[in-house]
1. Check whether at least one residue in the range 247-264 is of a type in the set (Ser, Thr, Tyr) and within 26 Å of Ile99 (Cβ to Cβ), and report yes or no.
2. So which residues in the range 74-105 are in a helix (DSSP H, G or I) and farther than 28 Å from Gln196 by Cβ, if there are any at all?
3. Do any strands (runs of 3 or more DSSP E) entirely within the range 128-195 hold 2 or more residues that are farther than 24 Å from Lys74 by Cβ, and if so, which?
4. All but one of (1) part of a loop (DSSP other than H, G, I, E, B); (2) at pLDDT below 95 hold for Pro236; state the number of the condition that does not hold.
5. Being outside any loop (DSSP other than H, G, I, E, B) and more than 18 Å from Arg182 (Cβ to Cβ) is true for just one of Leu254, Leu246, Leu259, Leu242. Which residue is that?
6. Give me the pairs, please: first residue somewhere in the range 26-42 and under 18 Å from Gly297 (Cβ atoms) and in the same structural domain as Leu172 (by TED's automatic domain parsing), second residue anywhere and crowded, with 19+ Cβ neighbours inside 10 Å and aromatic (Phe, Trp, Tyr), beta-carbon distance under 9 Å, and either six or more positions apart or on two chains.
7. For the range 134-181, give me each residue that is surrounded by fewer than 24 Cβ atoms within 10 Å (Cβ to Cβ), over 16 Å from Ser113 (Cα atoms) and charged (D, E, K, R).
8. If the requirement is being over 25 Å from Tyr30 (Cα atoms), of a type in the set (A, V, I, L, M) and touching a residue at least 60 places away in the same chain (Cβ under 8 Å), which of these qualifies: Val150, Val201?
Amino acid sequence: MNLLKRIKNFRFKTNATSKVLGINRRNLDYIYPNNQRKYFPVADDKLLTKQVLGEAGIKFPETYASYNHFYQLKSLVNDIGNRDKFVIKPAQGKAGGGIIVVNDRYGSHWSGSNGKVYQLDELRKHAADIIFGVYSFSNMNDKVIIESLVNQHRAIEQISPYGLADIRIILLNNIPVMAMLRVPSFDSDGKANLHQGAYGVGINLKNGQTQTIIKQNRLQTSLPQAHAGLHNMTLPFWPEVLEMSLLAADVVPLNYLGLDIVLTDDGPMMLEINARPGIEIQNANLNGLRHLLEAAGGVEQ
């Protein structure tokens with residue numbers, strides 16, 4: 001069966017009585033029954049995610065280097081010495097913590113997307129903090145990833161000038177049930193994190209058109225000029241985004257998951273997957289998840 005036929009065969013109940021999914025019900029009815037703990041590392045470890053999904057032909061940002069141990073940081077200067085742009089991130093980070101985006105180099109130092117200037121010693125210390133587990137959701141030792149900086153699609157750049165926007169899609173039983181676009185704002189310091197002030201934009205799954213827009217859980221009817229194009233925008237490469245999400249769901253041994261996808265001029269690219277996707281996506285869509293999950297074969301109440 002063609003992957004996209006699952007979308008067409010799924011009955012979208014956008015007019016059904018909204019049922020909001022809470023944290024406890026998400027955990028008890030969807031995460032625990034559908035995601036075996038032994039498979040959590042496939043989502044929690046970004047290096048393992050790249051390995052599993054990369055074997056299926058799914059595109060990711062290129063990995064320049066990774067470090068598991070402190071002594072390996074001696075090679076940091078050689079790994080980034082001639083690079084102008086790169087991203088440093090933890091393999092098992094949470095809520096965007098520990099990510100440094102470098103977008104230019106001036107002699108022996110680099111500038112971040114937030115305007116901060118970094119010396120080599122500062123980047124090495126940051127990498128050491130990552131290994132120590134400062135940004136890990138498990139508070140245990142972590143791994144450092146240095147990867148390529150993604151250049152987002154020119155149409156997305158026009159509505160997201162402060163940082164990299166991404167698409168979050170939630171799937172159950174290999175069926176996409178809800179999606180949103182997360183757009184960094186000036187207030188979110190260039191991060192696509194809703195808790196820090198990024199915009200959450202509901203997406204019509206069938207055609208990729210943006211719908212309602214929220215910020216700090218408040219509906220936005222007017223936007224700053226930098227984000228004005230968000231209203232009723234049709235996202236580029238939407239069929240390819242759905243195709244990628246369905247392919248990822250096929251190869252990942254998790255039945256309830258969130259996917260984070262970015263758009264480039266060459267098409268969609270996977271950033272990461274999440275075995276415990278948040279529920280703020282309901283606010284962005286002004287719609288509850290429960291009835292959609294039930295339609296996708298979830299627990300009926």
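1. Taking every residue of the range 247-264 in turn, at least one turns out to be of a type in the set (Ser, Thr, Tyr) and within 26 Å of Ile99 (Cβ to Cβ).
2. Lys74, Ser75, Val77, Asn78, Asp79
3. Output list reads 166-172, 175-183.
4. (2)
5. Criteria check complete, one pass: Leu246.
6. So the pair list comes out as Arg26/Tyr256; Tyr30/Tyr256; Ile31/Tyr256; Pro33/Tyr256; Asn34/Tyr256; Asn35/Tyr256.
7. Those that are surrounded by fewer than 24 Cβ atoms within 10 Å (Cβ to Cβ), over 16 Å from Ser113 (Cα atoms) and charged (D, E, K, R): Lys143, Arg154.
8. Val150
The values are calculated or read from the model by the stated rules, or taken from the named source; none is laboratory data. What you see is a predicted model; the values in this text were computed from it and never measured. All Cβ positions, even for glycine, are placed from backbone atoms using ideal geometry, and neighbour counts span all protein chains on display.
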